[in-house]
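The values are calculated or read from the model by the stated rules, or taken from the named source; none is laboratory data. Just so we're clear, the structure is a prediction, and the values are computed from it rather than from any experiment. We place every Cβ from the backbone using ideal geometry, glycine too, and count neighbours over all the protein chains shown.
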Amino acid sequence: MPGMKLYCSLWVRGMSVCGLLLLGLLVAGCRSSSDEIMFSDMPNGPGAINGTPSANGNGPDAARFHVGDTIVVTLSGVPVDIPPHQEPIKEDGTITMPDIGKVQAAGKTAGELQNAIHDLYVPRYYTHITVTVNIGDRVYYVSGEVKTPGRLVYVGQTTVNQAITSAGDFTDFANHKNVTLIRVNGDRMKINVDRVRNGRAEDPAVYPGDQIIVPRRIW
């Protein structure tokens with residue numbers, strides 16, 4: 001019958017539309033679930049930023065000591081007053097403390113160095129001690145035939161050539177080929193800066209406490 005055929009046709013079309021709507025809802029639900037995972041704000045979940053410093057300052061991004069840094073160590077809470085110990089970190093990365101001798105300092109944070117020194121004193125020498133570690137000024141020195149000689153603040157990885165440039169570069173009377181780098185431990189190194197600038201020689205690193213001396217040429 002024509003009426004029955006029309007009804008059946010409309011019913012089939014309606015079911016098809018419902019099926020398409022249901023499929024769309026299922027796909028949207030899957031995408032929503034995926035987005036929730038992608039933008040998860042869980043500390044260790046996807047998208048989380050690693051390397052955040054920890055509350056005690058010993059995280060991977062915490063400031064670490066370098067060769068040449070001046071360390072000030074204060075010991076308190078002991079029967080006899082002990083004066084603060086101040087010393088630049090030596091080339092081998094250590095400082096030398098009273099009684100306990102050499103302590104590795106380079107590469108450590110202030111908190112890590114405090115713990116290391118504490119454990120070397122307690123319980124061998126004291127039953128209780130409070131260790132406080134601070135850092136002095138991080139500087140190096142450029143003297144001689146540069147335009148602005150003096151003390152420069154060490155702000156990060158620096159080389160001899162960069163240090164000379166930071167000091168205003170050479171004067172007209174500078175001997176470029178016989179620059180002296182003096183390490184904190186007294187070691188000396190002669191550098192031909194012309195060869196460095198031409199790419200024919202290495203550019204030595206400069207550390208806090210180092211001295212760079214630029215002599216005057218004879219002629």
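Points worth noting:
- Within region 127-156, the set of residues being assigned to a loop (DSSP other than H, G, I, E, B) and loosely packed, with under 15 Cβ neighbours inside 10 Å comprises T127, H128, G136, D137, K147, T148, V155, G156.
- Taken over region 160-219, residues that are under 20 Å from I89 (Cβ atoms), touching a helix residue (DSSP H, G or I) at 6+ places or on another chain (Cβ under 8 Å) and assigned to a helix (DSSP H, G or I) amount to 1.
- Candidate set: region 49-97, residues that are among the hydroxyl-bearing types (S, T, Y) and either surrounded by 13 or more Cβ atoms within 10 Å (Cβ to Cβ) or part of a loop (DSSP other than H, G, I, E, B) (or both); chosen: the one modelled with the lowest pLDDT: T52
- Every residue from region 109-126 that is within 15 Å of H66 (Cα to Cα) and not in a helix (DSSP H, G or I): T109
- Residues of region 166-184 that are within 24 Å of the chain's Cα centre (by Cα) and either hydrophobic (A, V, I, L, M, F, W, C) or loosely packed, with under 13 Cβ neighbours inside 10 Å (or both): V184 alone.
- Matching residues in region 183-219 - criterion: being modelled with pLDDT under 95, among the hydrophobic types (A, V, I, L, M, F, W, C) and under 20 Å from H66 (Cα atoms): V184, A205, V206
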